[in-house]
Amino acid sequence: MRANGTIHFGVMDKVKGTHKHGEIIGIPLKNQEDFVDALDYIERCFKGSNQQCDARNCIRNPRFIEVLDKESTEKTWVIEYDVVPKASIVKKQFYSVSIPKFSERDKKLKCEKAAPYCRVGANTQQVPEDDYVPFIQELSEKDQQREEAESSSNETAMDCREDQSRKLSILLTCGKTHIDNSLFYIIVTNRFQPEHLDSISFLIHMNLFCVFDFDPDSNTSGLCGTFKKQKVVNLHFLDDYANDNRSGNAEFIKHLQLFEKTSWIFCNGRNDFTAGQQPCDEKTWIKTRKKKLKKVVSLICNDILPRSSFVVLFLLVSDVEQPLVETFHEFFAEMNGHDFWQSGQVLPRCPVKCLHLKNISIAQMPLSHVDATVQSIQLVKNQPARKIPVLNGGLCFLKSVEEAVLDSLEIISADQCEETKLDLMSEDKIKQTMIYFYRGGKIKWINFWLADKHRGGNVIKRDAYKEASKILDNITHCAKAKRPIESVNVYHHPGSGGSTVARQILWSWRTKVRCAVVKPCKEITTVCEHVVKLREHEEKDKNSCLPVLLLLEDQKKDYIDDLRQQLGNVIAIKKISTSVLCFILLICNRSNDPERMRRASPPQTVAVTHKLSNREKPLFEEKLKELKLEFQPEFILTFVLMNKNFAESYTKDFVKNILDTVDHSSPVTRLIRFVALLNCYVENSYISVSHCEASLGLATYLDKTRYHAFVDHLSDEARLLFIHLNESSAHISSLRIIHWEVAKEVLSQLSVNVPQSDIAMDLISDKLLMSHRFNRDEFLKFIKDLFIRRNKKSRGDAKDTAFSPLIEHVSTEKGDFQKAVDLMKKAYIALGKDAFVAQQLARLLNTNQRFEEALEWAETAKSILPYDTFVLDTLGQVYKWWFYHLSDTLDEETPSPERGTEIISTALKGISAFRVSEKTPKKETFSFNSSYYGEVDVGCRLLKFLSEVDVLQMTLENLN
C-alpha cells in the first residue's frame, strides 16, 4: 500500500476476502536483509548512473515494525519505505522507469520498456506518448510547487520545534504560570542512557508518588541510582502491592510508606537483586507480570489516589517494548484518557487515536530541553542542600538526601522557602495563600517568608508569642542549663491561633537553634533517633551543639513523656553533660480552658484565647482595615470573627445571614449538615472532597481537558462556610467549616429544621459515604469518635461526659432516649459491627435500667473482643447495676427462693466478669482499676444482702 510518499508492505491496499482496505495484517520475514537488498533492484529500473543515484538518495532504507496479534503465534511485520523526492535532487529532471515483470514462459525477470509514470488519484498510471510534451512543460510548475511545499514544511517543522516548550508548559501547568504542587505525579519510564542522567533535575522537585521503572539496571546505573543521590526512595516490586494480608487501606499505605517517600516500582525485576525478581523477555512478562501490573495500576487509581489528584507522565528515552504499551493501556483505561502525557519515544502499536496521542505527547525534544523547560515553570529552584545553624554562629549544609532520611521531622532551615521563585508567584497566588490563612487554614512557612519579603502583609505577633519568646530567651541564655531537656507549653482555644503562635516561634528561632516539627503518627523511637541526628549533624563535640527546638502539636501526654524519657536515655548513654541544653519541647495543645492550664504551670506555659488583649485589639483592627482593601469580608471571615472575640451574638447573626437563603432540601445543604455535625463533635475532623463528590452524586469529568473544580458545584452559602484544606501533611483534599465556633452555630441553626439525631442517622445511613474507598479509614474513625468518644477534662475538654456529646445531646433531645439507642444500633452496623460501639450501647442501656438489652449488647461486644479489659469490665458493670436494682427494688424482707437465687446469681456473675477483666493483659502504660473496685463493691453489697435475708427461711420455703 502506498500513501503520502510511503510504501507499506503488510498493509492491505484493496479489499480481498475478509480484510479491509488499510488493515494491518503483516507479512512473515525470514531475512530482513532481503528488503534492504531490494533497493539494488529498484536502482536497475532507472537508466544511467545519475538517475540511479537520484533514486538511491530519494528512497530511504526500510523500517521494520512488528505486528502484535494475541491470536497468532507467528511473528509478522510491516515494512515501510519512505520516498522523499527533494527538489534539490529532482528539479528539471525527467525520469523513465522500466517496470520489472516475471515472465512465466521464460521463468525470468524482464523489464518493460522505459516510460514515465504519474500519480492519478489513488493509482499510478503510465504517461501516454502523446502527452509527453505537455507533461514535460508542466514539470517546471511542479518543481516550483515542490520547492514551495518544502519551504512551508520546513517553516512548519521549525514552528513545531519552537512550540514544544510551550506545549510542555501548558500540559504541566494547565495554562498557569507554574506547576501545581498539590498534584501527585506518577512516572512510567524505561532505560536511561548515561547522557540522559544529567538532565533529571526537574524530577527532584516534582511531587513524585511512584515510578514504574522497566529498566532492570536502574538501581545501579540508571534513573533510580541517580535520583537516590538527592532523594530517598523505597524500592518495590509489583508483588509488594499484592496486599496478600488484606490489610486496610491506611495500614497498607503505612506499611509501604506511601506519601512519605517515592515508591520506586521495578516492573521487570532487578539485576542487582539476588532473591528472585529477575528480568524476563516480553512474552514471559505478559504471561507472568501483566496481571500484577494491572492490579497495581487499578489499586493506585481506584483506592489510593482520588481522580484528578495526580498526573501520569510517560518518560520514554529508549526503544519502547510491549510491556510499556500494556502499561499505557492500563492507565489510559483506568483514567479514561485524562491527566497523563508522554515525552520521548512514540508508543508503537497503540490503539489510542493518533490525534489524541499527539495532543498529549512531547516528541523529538531532547531531555535536556525538557529538564530546562520544566525547571522554568517549577515554583522552587533545584536546591541540593539547605542551611541550618551551628554553635559557632555560622551555617552548615543539610543535603536533601540526608534530610529525607529524617522523615519523622519537618525541618525548618535557616534559608526556609528561599528556593521559591518569587517572580513566578502571581499576585493571585499570593492572595490565595493569604486568604487560606485568614479564612481559618493552618499557617504555612510561605506566609512568614512572604511577610519578610513585604509581599504578603505582616503576621500579627500575639502576646503569647512574646511571652513564649521571653521564656525561650531565659532558657537558652543560661550559662549552665538547669536540665538538658526543657519544655514550653502553648495551650489554646480551638481556632484561636495557637498553632500560628507556635510556628511563629519556630520561624523566629530558625537561625538561632535547630528547629523541627514532629510529623503526626510517628513512632517515638524513630522521632528520638532523628532528633538526635539533627542535633549532632556536622558537629564534632556532642557537648557543644545547638539545642533542637521541637514542636509537638496535639500529642497525648503519654507520648510526650515517653519521648522525653527516651531523649534522656540517649543523653545518658552518650554521656552528655546534664548542664548542656540539648532539646526544647514546644508543646502546643488545644484546651477549652487554656487560662486554667497556664495557672497550673505558670513558669513555662502560655495561653492563647479567643479574647484579644488591649495591646492586640488595635493590631487586629489595623490588620482588618488593611485586608478589607484587598478582600471582601466574606473571604476573611475567621479573621473578622477573631476581631469580634468570637462574640456569640456576632457569630449567631453571621451564620443566620448566610443560612437565611439556604435551600434546606438541597444535597449541598445536606452536606453542610454532615460537615457541621462532625466538626462540632469531633476534634480535627473533616470530609474528603472525594467523599463530598460521592455524597453529591458528582463524577469527575473532562471539559476541554480540564476537570471542573469541585467548588463550582457548591452553593454560595457552602462556599462561605467551607474551607478547602490543602496542608502538606494531608494526602487528600478535604473540607471543613471555617471555624469550630461557626460549625457549632451552623449545626444549632440547621437542627431547628432537622434534629441532630436525624442528621446523624442520615449520615451513617448513606451507603455511598460509608463505603467510599478513598480515605475510608480516616472517615470511619471520625464517625466512630462521633458515637463513642467521651469528653474528659484531663484532655482539655470543658467537662467530663458519660457518653459521647452527640449521644448525650440526642438522649436529652425532646426526651427521646430511644433515638439515641436506635442511633447506636445503626452505628454498630454501619461501622462493621464494631465491638466498642456495642460496648457503649450496653453502657447506655445499663444507665436506663434496660438490663436484659444491656447484657445482650455487652455479650455481643465480648464475642468480638473476648480479651479486652474495657469490654469485660462493661459486662461486669451491667451485672453489678442489675444486682443493685434487683436488691434495691426488693419489697419483702424475705424474698422468694427464685427471687433470691436470681439476685445472688446476678451478683456472682458480676464478680466473675470483673475477675476475668482483672486478669486480662494490659498495656504497660495503662492503669485501669475499675474492675477491682467493681468486684469489691459487688462483694460487699452481696454480703450486706445475705446478712439481711433469712437464708434458712428461703431454703425451707424452697423445700416446701
**Request:** Look at segment 290-319 and say how many of its residues are assigned to a strand (DSSP E or B) and open to solvent by 30 Å² or more (accessible area, probe 1.4 Å).
**Result:** 0
**Request:** Out of Gln322, Gln277, report the one residue that is open to solvent by 30 Å² or more (accessible area, probe 1.4 Å) and over 29 Å from Asp180 (Cα atoms).
**Result:** Gln277
**Answer residue from segment 368-392, given it is open to solvent by 70 Å² or more (accessible area, probe 1.4 Å) and not hydrophobic (A, V, I, L, M, F, W, C) and is farthest from Trp445 (Cα to Cα) among those** = His369
**Prompt:** Taking segment 869-904, which residues are assigned to a loop (DSSP other than H, G, I, E, B), open to solvent by less than 40 Å² (accessible area, probe 1.4 Å) and either aliphatic (A, V, I, L, M) or without any contact (Cβ under 8 Å) to a residue 40 or more places away in the chain (or both)?
**Reply:** Leu890
**Asked** Got at least one residue in segment 745-762 being hydrophobic (A, V, I, L, M, F, W, C), free of Cβ contacts under 8 Å to residues at least 24 places away in the same chain and not in a loop (DSSP other than H, G, I, E, B)?
**Response** no
**Request:** Go through segment 462-480 and count every residue that is free of Cβ contacts under 8 Å to residues at least 60 places away in the same chain and either closer than 19 Å to Glu621 by Cα or charged (D, E, K, R) (or both).
**Result:** 4
**Message:** Suppose the filter is within 29 Å of Ser733 (Cα to Cα), among the β-branched types (Val, Ile, Thr), out of contact with any strand residue (DSSP E or B) (no Cβ under 6 Å at 6 or more places or on another chain) and modelled with pLDDT under 90; does Val374 pass it?
**Reply:** yes
**Item:** Sole residue being within 25 Å of the chain's Cα centre (by Cα), buried (at least 19 other Cβ atoms within 10 Å of the Cβ) and of a type in the set (A, V, I, L, M, F, W, C), chosen from Ile443, Ile435
**Value:** Ile443
**Asked** Before we move on, is Gln257 out of contact with any helix residue (DSSP H, G or I) (no Cβ under 9 Å at 6 or more places or on another chain) and of a type outside the set (D, E, K, R)?
**Response** yes
**Prompt:** Given segment 777-850, what helices (runs of 4 or more DSSP H) lie entirely inside it while holding 2 or more residues that are within 30 Å of the chain's Cα centre (by Cα)?
**Reply:** 817-830, 835-847
**Asked** Would a scan of segment 131-151 turn up a residue that is at pLDDT below 80, in a helix (DSSP H, G or I) and among the polar types (S, T, N, Q)?
**Response** yes
**Request:** Please list, ordered by first then second residue, the pairs with beta carbon atoms under 8 Å, 6 or more apart or interchain, first in segment 593-611 and closer than 13 Å to Asn489 by Cβ, second open to solvent by 50 Å² or more (accessible area, probe 1.4 Å) and not small (Gly, Ala, Ser).
**Result:** Thr605/Arg598; Val606/Glu467; Val606/Arg598; Ala607/Glu595; Ala607/Arg598
**Complete:** For Glu918, the lone unmet condition from (1) part of a helix (DSSP H, G or I); (2) open to solvent by 40 Å² or more (accessible area, probe 1.4 Å); (3) modelled with pLDDT under 90 is (2)
**Message:** Of all residues being among the aliphatic types (A, V, I, L, M) and farther than 14 Å from Arg843 by Cβ in segment 775-810, which is most open to solvent (accessible area, probe 1.4 Å)? Just the residue, please.
**Reply:** Ala798
**Prompt:** Could you count how many residues in segment 530-555 are under 26 Å from the mean Cα position of the chain (by Cα), open to solvent by 20 Å² or more (accessible area, probe 1.4 Å) and in contact (Cβ under 8 Å) with a residue 40 or more places away in the chain?
**Reply:** 2
**Message:** Looking only at segment 126-142, filter to residues that are among the polar types (S, T, N, Q) and open to solvent by 90 Å² or more (accessible area, probe 1.4 Å); which one of those is farthest from Ile99 (Cα to Cα)?
**Reply:** Gln137
**Request:** Out of the residues in segment 811-843 that are β-branched (Val, Ile, Thr) and farther than 17 Å from Pro755 by Cα, state the one that is surrounded by the fewest Cβ atoms within 10 Å (Cβ to Cβ).
**Result:** Ile829
**Item:** When residues of segment 683-717 are limited to those that are modelled with pLDDT of 80 or more and in a loop (DSSP other than H, G, I, E, B), the one surrounded by the fewest Cβ atoms within 10 Å (Cβ to Cβ)
**Value:** Asn684
**Asked** From the list Leu223, Leu208, which one is modelled with pLDDT of 90 or more, within 22 Å of the chain's Cα centre (by Cα) and of a type outside the set (Gly, Ala, Ser)?
**Response** Leu208
**Message:** Please go through segment 33-81 and give me each residue that is modelled with pLDDT of 80 or more, polar (S, T, N, Q) and either in contact with a helix residue (DSSP H, G or I) (Cβ under 7 Å, 6 or more places away or on another chain) or outside any helix (DSSP H, G or I) (or both), ordered by number.
**Reply:** Gln52, Asn57, Asn61, Thr76
**Any hit, segment 853-862, residues being open to solvent by less than 60 Å² (accessible area, probe 1.4 Å), under 29 Å from Phe654 (Cβ atoms) and hydrophobic (A, V, I, L, M, F, W, C)** = no
**Request:** Being outside any loop (DSSP other than H, G, I, E, B) and at pLDDT below 80 is the filter; apply it to segment 7-23 and report the residue that is most open to solvent (accessible area, probe 1.4 Å).
**Result:** Lys16
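The values are calculated or read from the model by the stated rules, or taken from the named source; none is laboratory data. Please read all numbers here as calculations on a predicted model, not as lab measurements. In this analysis, Cβ positions are derived from the backbone assuming ideal geometry, glycine residues included, and neighbour counts consider all displayed protein chains. Surface accessibility is based on the protein's heavy atoms, side chains included, excluding ligands, DNA and RNA. Shrake-Rupley method; radii C 1.70, N 1.55, O 1.52, S 1.80 Å.
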